[in-house]
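K.L.:
Take a look at the following structure, please.
Values in this text are rule-based calculations from the coordinates and carry no lab data. A quick note: this is a predicted structure, and the numbers were derived from the prediction, not measured. Quick reminder, even Gly has a Cβ in these numbers, built from the backbone with ideal geometry, and neighbours come from all protein chains shown.
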Amino acid sequence: MKSSLHCLYPSIFIPVSAFHRPFAGGNSLFSRQYDHLHRFSLDHHPRGSGMSVVSWSIHTRSEIIAKYQILERVGAGAYADVYRGRRLSDDLIVALKEIHDYQSAFREIDALQILQGSPNVVVLHEYFWREDEDAVLVLEYLRTDLATVIDDAKKKKNGLPVGEIKRWMMQILCGVDSCHRNMIVHRDLKPGNLLIGDDGILKLADFGQARILGEPGFDTSEENPQAYEHDGSSLQAGSGNQEQGTVLREEYFRVLDELKTKRSADDIDKDTNIPDGNTSCLATCTTSDIDDDPLKSSFTYEAREDEGEESGCLTSCVGTRWFRAPELLYGSTNYGLEIDLWSLGCIFAELFTLEPLFPGTADIDQLSRIINVLGNLDEKAWPGCSKLPDYGIISFSKVENPPGLEACLPNRSLDEVSLVKKLVCYDPAKRATATELLHDKYFNEEPLPVPVSELHVPLNRKGEDENSPWHDYNYMGSDSDLEDFGPVNITKTGTGFSIQFP
């Protein structure tokens with residue numbers, strides 16, 4: 001399939017900006033520190049604007065080495081380093097995540113303190129953050145991830161037993177349900193960000209891109225993660241384990257519409273330019289937020305928090321490409337929790353087939369792969385899609401008789417295909433919520449989900465290697481869609497240009 005992308009010159013030079021809202025739970029200790037930390041977050045970083053001054057060595061932090069023995073570095077990159085460590089007080093093995101990107105650290109701490117106590121979300125024990133230094137998050141150490149489970153099954157060439165698949169799915173859904181009940185959108189769900197302990201417990205991790213869309217479902221108590229300069233104590237369970245009522249679909253969309261209307265004009269995110277592709281990018285070792293530009297993966301941007309358009313919108317370049325919802329690929333900045341649900345569908349399909357559902361090599365190729373399976377995106381498939389920012393810019397040839405998801409899930413049952421279809425659909429409003437799927441009949445039919453204790457958890461080799469769940473921190477790939485495609489035909493068209501992709 002060939003696709004054409006048409007855009008005017010000004011669209012290339014749109015300033016990068018994104019928008020940050022006041023944190024839900026604004027009475028938390030960390031939220032109250034924001035104004036103090038913000039004043040030194042810009043203009044000082046040696047590798048670009050918008051980042052705090054960094055030591056680039058956790059070994060120089062006396063307040064940390066007084067409490068933790070640094071054992072080894074298990075992941076490294078331009079935006080974060082991760083170390084395996086031992087807490088001196090009780091010999092607990094932990095992960096020390098030194099984040100060189102200010103905004104990613106801010107997001108991750110705030111999201112994790114809200115979700116503290118959720119059984120399927122990684123535990124934040126404490127964090128350290130002082131003026132002119134990186135944030136260091138002390139996280140529970142989980143030595144493998146779902147990507148390793150999938151790779152291990154692929155090597156054995158026998159697939160994953162259905163009972164195990166169901167248990168992995170249910171744990172993922174429980175973690176996502178905790179996030180969405182608290183109106184937290186993760187924005188980078190993928191197998192590599194689903195960490196697994198030796199006991200088989202799966203936990204969502206890497207919240208550096210997470211955004212808090214609203215306040216329902218949690219209280220803002222003082223029992224939140226403590227920065228070292230206050231007391232550095234272990235964390236108390238927050239709202240993540242509270243009993244909460246079911247959030248109805250109608251109520252969710254009502255609240256989301258209100259939030260979109262009320263979003264403040266001066267809410268802004270700091271952007272960073274980091275690689276795109278089938279790996280976690282490296283701000284907290286996830287992706288950056290880059291303002292929507294039809295060629296956003298082909299150009300280098302540097303961003304300042306004070307350069308944002310005053311629209312209060314989110315940003316479209318989030319998540320890892322293979323798991324990115326079509327509304328993001330079409331440049332939407334007005335999305336909600338549904339982007340996580342699309343990612344879930346891609347993850348579930350990969351558990352069934354052990355292969356990525358849509359392994360695009362670039363954003364245009366990603367859209368092409370989706371359209372080749374689901375058919376062309378039009379008003380019939382998703383009413384209102386024509387209003388997406390890039391809908392009129394990116395065009396594809398008509399796909400006759402698209403095969404549908406059944407073709408991507410050969411030899412799977414109708415119920416399994418149906419489960420993926422409930423998530424991988426164009427219209428975000430039609431995607432099943434995590435709560436709904438936890439009650440889906442699929443999980444109550446034979447074979448039943450196995451107990452967590454019976455899950456096969458593959459071992460990782462020690463050290464900084466490709467099997468480590470922290471290995472994504474090493475990725476430094478191409479950020480150019482055009483480079484991925486190779487030669488392209490660029491034709492000047494008077495006021496703009498046309499790019500023809502092979």
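K.L.:
Label residue 441 and residue 378 with points 7 Å out from Cα along Cα→Cβ: what is the distance between them in nm?
P.N.:
The answer from the label model is 3.3 nm.
K.L.:
For residue 57 and residue 198, FRET efficiency with R0 = 41 Å and r from the beta-carbon atoms, rounded to 0.05?
P.N.:
E(calc), rounded to 0.05, equals 0.85.
K.L.:
Please give the Cα centre distance for the range 349-409 versus the range 182-214, rounded to the nearest Å.
P.N.:
Answer, in whole Å: 25.
K.L.:
Students often get this wrong, so check it: of 190/398; 421/441; 166/421, which have C-alpha atoms separated by over 22 Å?
P.N.:
190/398
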